[in-house]
Amino acid sequence: MAQATFEEISASDFFYRNRDIAGFTNPSRAVFAAIRELVENSLDAAESLKIPPEIYVRLSFEGEVGKDTQIYKLRVGDNGSGIQPRFIPSAFGQILYGSKYKLKQMRGTFGLGGKMAVLYGQIMTHQPAKVTSSTGSTKIYSFKLMIDIQRNRPIILDRKVLVNKEQWRGTIVEFTLEGDYLRAKSKILEYFKQTAMVNPYANLTFVDPKGRLYKFTRVTTAMPDPPKETEPHPFGVDVELLQRLIQVTPYRNMLEFLKQHFHRVGDITAQKFLEFSHLSPSKNPKRLSHEEVVRLMQNLKKFKDFLPPDASCLSPLGEELLKAGILKELKPEYLVVNQRKPSTYAGHPFIIEMGIAYGGEIPKKGNFLIYRFANKIPLLYDEASDVSFRVINSLNWRRYKVSPDMPIAIVVHICSTKVPYKTVGKEFIADRPEVRREVANALREIGRQLHRFLSKREHVDREKRRLSIFAKYLPKIAQFSSHLAGKEKLPDVKKLIKSVQKYGEET
Ligand SMILES: Nc1ncnc2c1ncn2[C@@H]1O[C@H](COP(=O)(O)OP(=O)(O)OP(=O)(O)O)[C@@H](O)[C@H]1O
Ligand SMILES: [Mg+2]
């Protein structure tokens, strides 16, 4: 039998071989995913400074490859935070490198997206990516980069420093990639529309390869407060995390260790917990044996008196902004939104926000239109695998006098420090029982309100129908009865109709 040969591959190499799992499946998905990843980075960069985002995306045709694939140049520019020059090469040339491995809500999570787009471009066209950025200082830095895939390191081909006369701040990323825009077009436009819906304070401009301009203009400059970074919640820790904390902690006793490194653990809670787990408050955490660390982790999960995580690390849209976004993009006749209180799964805080829109410009499709969002990112693929889809379709809608053939759109937004995505392509949310319960509760709440609206409308419609029958036949009845009674003058039926109309409006 032949001997097996072993080798090690880098993170870049892994994603080069398995680009499907990051959403870069074929030329159509790739062009969509590349735009999406870069737009998300730009939104994050502007929001981190609480600046209304101004994002410009241009996809231009560069040449033909085959029947269904072309070469495009993609350019995405923003007015975000910019990146300090020493971080630029790795931020765009080293997979699993980023500034978002923090416990706070952001669109970026994996340290992968932007690089995946650059990597895909590189392996298909062998052209370098160009990144130009300034943090608003006196200088603008411009890099030409490629990725050394086998070593997972950036290769800097060129570096320029320019004078920043206008005090420009932001980032422009430009590279070429293979794609199928024609096939991707509808998804890309849908992506911009939905992005505009949950980011109503953003200006988005997209110029397509034909030179067509799509503009999504902000309706407000009000923005949610940026999230604050938080410590891990005791329910979510594992042995590895405990050991890392023990290694770096400057605190020499368990009481301070617990208070300083964990979310929502104050003096009293820490003391109660130490009593519960038979540990002395003065014990040095660095002296804990392996067994004690494992027991500590188990007890952190068992102890019932920890407060649930607070929501300062989250930045939900809020009911007003969600309303503004839905009204702007969907133009419904009726809209109700609901934001749930913060909740947790496995120690990670999350909030569900939901809206249900009826009528107006919402089409009748025979099934509910579902718009799914996570940390203000639209999720456009794999709808049927998403927890929201399942909850929405398992609800007994008849109880709310609602049927799927009505013009109804349901908007679900989950925000969390750790969205339970099922893939690194960020396409759908895993079916966590806590998330499922919150989605179901929000849905019932807005379902009830929609029910009230529909019942009232039905009543008004019935009254209107009744009145129109009255208005039609009353003059005829008046004419006949006057004739029968042998009277010349007809009674004034208008008065009567008016009084009935008034009664209808009052009820
Ligand atoms: N437009 C931008 N403005 C400022 N910083 C940026 C921009 N684009 C990327 N970055 C920086 O580069 C890092 C890497 O981006 P990348 O998209 O590869 O990963 P990520 O956003 O951290 O996570 P994810 O894989 O979920 O997208 C980011 O963490 C951020 O610090
Ligand atoms: Mg990103």
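Within the chain, which DSSP H helices have Cα atoms that stretch 15 Å or more along the helix axis and a mean Kyte-Doolittle hydropathy of at least 0.5?
Counting only whole DSSP H runs, the qualifying helices are 113-125.
How high is the FRET efficiency between GLU292 and ASP267 when r is their beta carbon distance and R₀ equals 22 Å, given to the nearest 0.05?
My answer for the efficiency is 0.50.
Which order do the peptides 484-494, 225-235, 463-473 come out in when sorted by mean C-beta neighbours inside 10 angstrom, highest first?
Most protected by this proxy first, the peptides run 225-235, 463-473, 484-494.
Once R0 is set to 22 Å, what does the formula 1/(1 + (r/R0)^6) return for the Cβ-Cβ distance between GLN150 and ASP68, expressed as a FRET efficiency to the nearest 0.05? Please list the in-between numbers first.
Working: r = 30 Å, r/R0 = 1.36.
The pair GLN150/ASP68 has a calculated efficiency of 0.15.
For the modelled label position 7 Å from the Cα of SER312 along Cα-to-Cβ, which residues of segment 103-117 have backbone nitrogen atoms closer than 19 Å?
Within reach of a label on SER312: 103-106.
With Cβ to Cβ distances under 13 Å as the rule, what net charge do the other residues near SER468 carry (K, R +1; D, E -1)?
Computed value for this residue: +3.
Applying a 10 Å radius around every beta-carbon, put 346-353, 362-369 in order of their mean neighbour count, most first.
346-353, 362-369
Multiply the residue separation of ASN299 and ARG432 by 0.36 nm, subtract the distance between their alpha-carbon atoms, and state the gained length in nm to one decimal.
This chain segment gains 45.6 nm when fully extended.
Quick check on the chain: helices-only [θ] at 222 nm, where DSSP H runs of length 4 and up contribute -39,500 (n - 2.57) each and the sum goes over total residues. Nearest 500, please.
Rounded to the nearest 500, it is -12500 deg cm²/dmol.
Simple spin-label model, 7 Å along Cα-to-Cβ: LYS401 to ASN18 in nm?
If labels sit at LYS401 and ASN18, their model points lie 5.2 nm apart.
Project the alpha carbons of the chain onto their principal axes and report the range along each, largest first, in whole Å.
111, 69, 64
Too long at a 18 Å Cα-Cα cut-off: which of LYS50/LYS341; LYS102/LYS301; LYS376/LYS418; LYS102/LYS144; LYS228/LYS418? Please report the intermediate quantities before stating the final value.
Working: LYS50/LYS341 23 Å; LYS102/LYS301 22 Å; LYS376/LYS418 13 Å; LYS102/LYS144 28 Å; LYS228/LYS418 14 Å.
Over 18 Å Cα-Cα: LYS50/LYS341; LYS102/LYS301; LYS102/LYS144.
Only the coordinates and a few stated rules stand behind these numbers; no lab work does. The shown structure was predicted, so the numbers you read here are calculated from the model rather than taken from an experiment. Reconstructed Cβ throughout: ideal geometry from the backbone, glycine too, with neighbour counts over all protein chains shown.
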